[in-house]
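K.L.:
I am attaching a structure below and will ask some questions about it afterwards.
Computed from the coordinates by the stated procedures, all read-outs in this text should not be read as laboratory data. Everything numeric in this text was worked out from a predicted model, so none of it was measured. Don't worry about glycine lacking a Cβ; one is built from the backbone with ideal geometry, like all the others, and counts go over all protein chains shown.
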Amino acid sequence: MIEKEILLKIASKIIYERKKKNLSQEQLAESAGINMRSISMIENGLTNMKFLTLYKIAEALGVEVKDLVDFHL
């Protein structure tokens, strides 16, 4: 699996969890303490985020990091 595919798989899980909780990108960004532009770039698979950023997003979504990266490589 290439890097872009991995980023898009993580992105789709973040989008799914965000929409399931009826959050906008802006609300997620605020809750996670992350810039909204960063959330947008992450959700579009345009950036390879740091682990700490992924952790903050997971925490804001009320899920564990493993839930966002649980796919077979």
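K.L.:
For the range 65-71, in order, what is each residue's ³J(HN,Hα) by Karplus, 6.51 cos²θ - 1.76 cosθ + 1.60 with θ = phi - 60°, in whole Hz (x at glycine and Pro)?
P.N.:
Values per residue, Gly and Pro as x: 3, 4, 5, 8, 10, 7, 8 Hz.
K.L.:
What does the charge dipole of the chain about its Cα centre add up to, to the nearest 20 debye, if the Cβ of each Lys and Arg holds +1 and the Cβ of each Asp and Glu holds -1? Walk me through the numbers before you get to the answer.
P.N.:
Working: 11 positive and 10 negative charges, 18 e Å.
Here the chain has a charge dipole of around 80 debye.
K.L.:
Using helices alone, what [θ] at 222 nm do you get for the chain, with -39,500 (n - 2.57) per DSSP H run of 4 or more residues, divided over all residues and rounded to the nearest 500?
P.N.:
Numbers: 5 runs with 49 residues, N = 73.
Taken over the chain, the calculation gives -19500 deg cm²/dmol.
K.L.:
Rounded to a whole number of µm²/s, how large is the Stokes-Einstein D of the chain at 37 °C and 0.692 mPa s, given Rh as the Kirkwood radius over C-alpha pairs? It would help to have the intermediate numbers written out before the result.
P.N.:
Details: Rh = 11.9 Å.
In µm²/s, the coefficient is 275.
K.L.:
Please list, in order along the range 57-63, the HN-Hα scalar couplings obtained from phi with the Karplus expression 6.51 cos²θ - 1.76 cosθ + 1.60 (θ = phi - 60°), rounded to whole Hz, x for Gly and Pro.
P.N.:
5, 4, 4, 5, 8, x, 10
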